[in-house]
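Quick notes on the structure that follows.
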Amino acid sequence: MTESTASGPDSSRTVSRRTVLGSLAAGAGVATLGTIAGAVEDYWTVVALPDTQYSARDERYARPQTKWIGTEEHVAFVSHVGDVVQNPDRPVEWEYMDRAISNLDGKVPYAMIPGDQDYMTPDDRSSSIRRYRRLFGSERYRSRDWYGGSGPSNGEGDLSSYQLFSAGGYDFLHLALEWPAPGNVTDPSTPLGWAQTVLDEYPDRPAILTTHSYLDVRAEGRSTDVEEVNGNGNSGEAIWQSLVSPNSQIFMVLCGHSWRDDGEYHQVSQNEACGSVYELLANYQGGEKRGQGFLRRIEFRPGAGDSAPDRIQVRTYSPVLDEYRTDDNSEFAFDVDFDTRFGTSTFDTDCSGDADADGDIDGQDSEVVQRRLANEDVDVDTDAADIDDDGDVDIGDAVRIRNKGRGY
C-alpha cells in the first residue's frame, strides 16, 4: 500500500477524471481489483473503524482488523469513530490499542478521535484524557505529510484534527471532530469554530466528517441530547444545523457510539445547497463476541451507478471471520456523479426539486407534487418542481424528485 500524500488545496479539474483515472492510481490509494459490470476497474475505499472499546480487552479483534487494512491496496483512508478503550484507567488497554493502530503507520492515512469512554471518568470532559493525548495526539503524526493539525480543546489541543488525502484523482479533506464538539462555528477558539476555519481554508476539497456521537440508532435520526455530564458540547442535530448543512463540501458524516439493536443506521439528508449528505453509523460492540471484528468498507466505484454515473457502495466486513453481513442495514449503496460532487467547487448546489420550499428535498416534495396533480389545493413551487426543466410539472417530475431526495 502506498501512503497518500497531502497535496495543495486546489482541486480544480480541466479534464474529466474518468479519462485519467488509470494514470492517477499510483500513490493515490487506488488499485485495480477486478471487473464490475459497467464500471471502471479502479476503485478506492474509506474504512470506518467502529468503537474498539471491547476489542481493547481482546486481542482477537482489533489487531487483525488493522493488519488486514494495512495489506489492502485499495484503502485510501481509515477513520476510527471513537471509544478507543473500555476502561481508560487500565494502561494495558491503551497499550494494546497503540500496538493495533501501529499496523497502519506508514501504510495509510488515518484519523483517531476520542469518545465518551476515553475520558478517565466516562462522559465527563472535565476529567483527564491524558492517555489518549499521549498515544494518539498530534505528536504521533508529526512526520506524516497527510496530517494537517489539531484543534483547540479544554485549553489544549490533540482531540480534534484534520487530514488531507487523495484518491481517484480527487483531493479530499477529513475532519476528525472530538466528542461532543463544544463551542460554535463563529468562535475559532472552540472545536466547532476551529472546524469551520479548516473548511474555510480548504473550500475546494470535498470533505468527510467523523465524530463519535451524531446519529442515534434507536431514534433513527440525529441525536438531540448532549450526553456529556456537564452539558459541555453539541448534539448531532446541532452539529448538522451549524456545521454540516451550511458547508456543502461535507458529503459524508461517520459516527459510532449508539449501539442498540444491530448497531447500524444510515440516512441521506439534503444540506442547505440541496446536496446529498450520506450519514452513516456503525458500532458493533453489542453484537456477538464483542462485534467479531466487523467494520465498514465504504467503496467509491467509478462507473458502477445505475441512476447516476458512479456509486458509493457500503459493505460490512469482518477480517477476523472473513465474512460479510448482507442485510439492508449492512450492505447498501448511493449512486452519485463523482465529477459533480467531488470535482468542482460548487459541490452539487442544484436546489431543483424543493417543491414545498422548505429548504430540503425529501418525500414530502414528491408527495406535494402528486397532490397538485390530483387537483388538491396545495402550495407548490412550480419552478423547483419542474425538475426536468421541460416546462411542465408532471408525474415524471414527482418520480425524479423522490429519487433525488433518496440520494439517487
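The values are calculated or read from the model by the stated rules, or taken from the named source; none is laboratory data. Everything numeric in this text was worked out from a predicted model, so none of it was measured. Positions of Cβ are backbone-derived with ideal geometry, glycine not excepted, and every protein chain shown enters the neighbour counts. Surface accessibility is based on the protein's heavy atoms, side chains included, excluding ligands, DNA and RNA. Shrake-Rupley method; radii C 1.70, N 1.55, O 1.52, S 1.80 Å.
Might you let me know whether the stretch 170-183 holds any residue that is touching a Ser or Thr at 6+ places or on another chain (Cβ under 9 Å), closer than 22 Å to Ser276 by Cβ and surrounded by fewer than 23 Cβ atoms within 10 Å (Cβ to Cβ)?
yes
Just to be sure before I move on: is Ser245 within 25 Å of Asn403 (Cβ to Cβ) and out of contact with any strand residue (DSSP E or B) (no Cβ under 7 Å at 6 or more places or on another chain) in the structure I sent? Steps first, please.
Working: within 25 Å of Asn403 (Cβ to Cβ): yes; out of contact with any strand residue (DSSP E or B) (no Cβ under 7 Å at 6 or more places or on another chain): yes.
So Ser245 fits the description; yes.
Can you pull out the strands (runs of 3 or more DSSP E) entirely within the stretch 193-270 that have at least 1 residues that are of a type in the set (Ser, Thr, Tyr) and surrounded by fewer than 18 Cβ atoms within 10 Å (Cβ to Cβ)? I'd like the intermediate steps shown before the answer.
Working: elements: 207-211, 250-255, 264-270.
Strands (runs of 3 or more DSSP E) meeting the threshold: none at all.
Could you list, in sequence order, the residues of the stretch 65-121 that are aliphatic (A, V, I, L, M), in contact with a strand residue (DSSP E or B) (Cβ under 9 Å, 6 or more places away or on another chain) and within 25 Å of Pro180 (Cβ to Cβ)?
To start, the set of residues in the stretch 65-121 that are aliphatic (A, V, I, L, M) comprises 69, 75-76, 78, 81, 84-85, 92, 97, 100-101, 104, 108, 111-113, 120.
Keeping just the survivors that are in contact with a strand residue (DSSP E or B) (Cβ under 9 Å, 6 or more places away or on another chain) gives 69, 75-76, 78, 81, 101, 104, 108, 111-113.
Hits for the stretch 65-121 are Val78, Val81, Ile101, Ala111, Met112, Ile113.
How many residues does the stretch 304-325 contain that are open to solvent by 20 Å² or more (accessible area, probe 1.4 Å) and of a type in the set (Ser, Thr, Tyr)?
Summing the residues that are open to solvent by 20 Å² or more (accessible area, probe 1.4 Å) and of a type in the set (Ser, Thr, Tyr) in the stretch 304-325 gives 2.
Please work out which residue is nearest to Asn329 (Cα to Cα), limiting yourself to the stretch 242-276 and to residues that are over 9 Å from the mean Cα position of the chain (by Cα) and among the β-branched types (Val, Ile, Thr).
Taking the stretch 242-276 first, the residues over 9 Å from the mean Cα position of the chain (by Cα) are 242-249, 256-276.
So of that shortlist, the ones also among the β-branched types (Val, Ile, Thr) come out as 244, 268.
Numbers: Val244: 23, Val268: 13 Å.
So, considering only residues that are over 9 Å from the mean Cα position of the chain (by Cα) and among the β-branched types (Val, Ile, Thr), the one nearest to Asn329 (Cα to Cα) is Val268.
Could you please tell me which pairs satisfy a Cβ distance under 6 Å, a separation of 6+ or placement on different chains, a first residue in the stretch 99-114 that is in contact (Cβ under 8 Å) with a residue 12 or more places away in the chain and assigned to a loop (DSSP other than H, G, I, E, B), and a second residue that is open to solvent by less than 10 Å² (accessible area, probe 1.4 Å) and polar (S, T, N, Q)?
Pro109/Ser4; Pro109/Gln163
Taking only the stretch 66-88 into account, find how many residues are under 21 Å from the mean Cα position of the chain (by Cα), open to solvent by less than 10 Å² (accessible area, probe 1.4 Å) and of a type outside the set (Gly, Ala, Ser).
10
Confirm whether Leu135 is closer than 30 Å to Asn232 by Cα and either modelled with pLDDT of 95 or more or of a type outside the set (D, E, K, R) (or both). Give the derivation first.
On the way: closer than 30 Å to Asn232 by Cα: yes; either modelled with pLDDT of 95 or more or of a type outside the set (D, E, K, R) (or both): yes.
Against the criterion (closer than 30 Å to Asn232 by Cα and either modelled with pLDDT of 95 or more or of a type outside the set (D, E, K, R) (or both)), Leu135 qualifies.
Collect the residues in the stretch 326-336 that are open to solvent by 50 Å² or more (accessible area, probe 1.4 Å), touching a strand residue (DSSP E or B) at 6+ places or on another chain (Cβ under 8 Å) and touching a residue at least 24 places away in the same chain (Cβ under 8 Å), keeping them in residue-number order.
Across the stretch 326-336, the qualifying residue is only Asn329.
Do the conditions hold for Glu279, that is, is it out of contact with any Asp or Glu (no Cβ under 8 Å at 6 or more places or on another chain), under 23 Å from Gln364 (Cα atoms) and either of a type in the set (Val, Ile, Thr) or part of a loop (DSSP other than H, G, I, E, B) (or both)?
No.
Scan the stretch 311-322 and give yes if some residue there is out of contact with any strand residue (DSSP E or B) (no Cβ under 9 Å at 6 or more places or on another chain) and either under 14 Å from Ile387 (Cβ atoms) or in contact (Cβ under 8 Å) with a residue 60 or more places away in the chain (or both), otherwise no. Give the derivation first.
At the first step, the residues of the stretch 311-322 found to be out of contact with any strand residue (DSSP E or B) (no Cβ under 9 Å at 6 or more places or on another chain) are 320-322.
Now narrow it down to the ones that are either under 14 Å from Ile387 (Cβ atoms) or in contact (Cβ under 8 Å) with a residue 60 or more places away in the chain (or both): 320.
The answer is yes, given that some residue of the stretch 311-322 is out of contact with any strand residue (DSSP E or B) (no Cβ under 9 Å at 6 or more places or on another chain) and either under 14 Å from Ile387 (Cβ atoms) or in contact (Cβ under 8 Å) with a residue 60 or more places away in the chain (or both).
The conditions are (1) at pLDDT below 95; (2) outside any loop (DSSP other than H, G, I, E, B); (3) under 28 Å from Pro203 (Cα atoms), and Glu299 fails exactly one of them. Which is it?
(1)
What number of residues in the stretch 131-152 are assigned to a helix (DSSP H, G or I), open to solvent by 30 Å² or more (accessible area, probe 1.4 Å) and either within 15 Å of Tyr202 (Cα to Cα) or free of Cβ contacts under 8 Å to residues at least 40 places away in the same chain (or both)?
Number of matching residues: 4.
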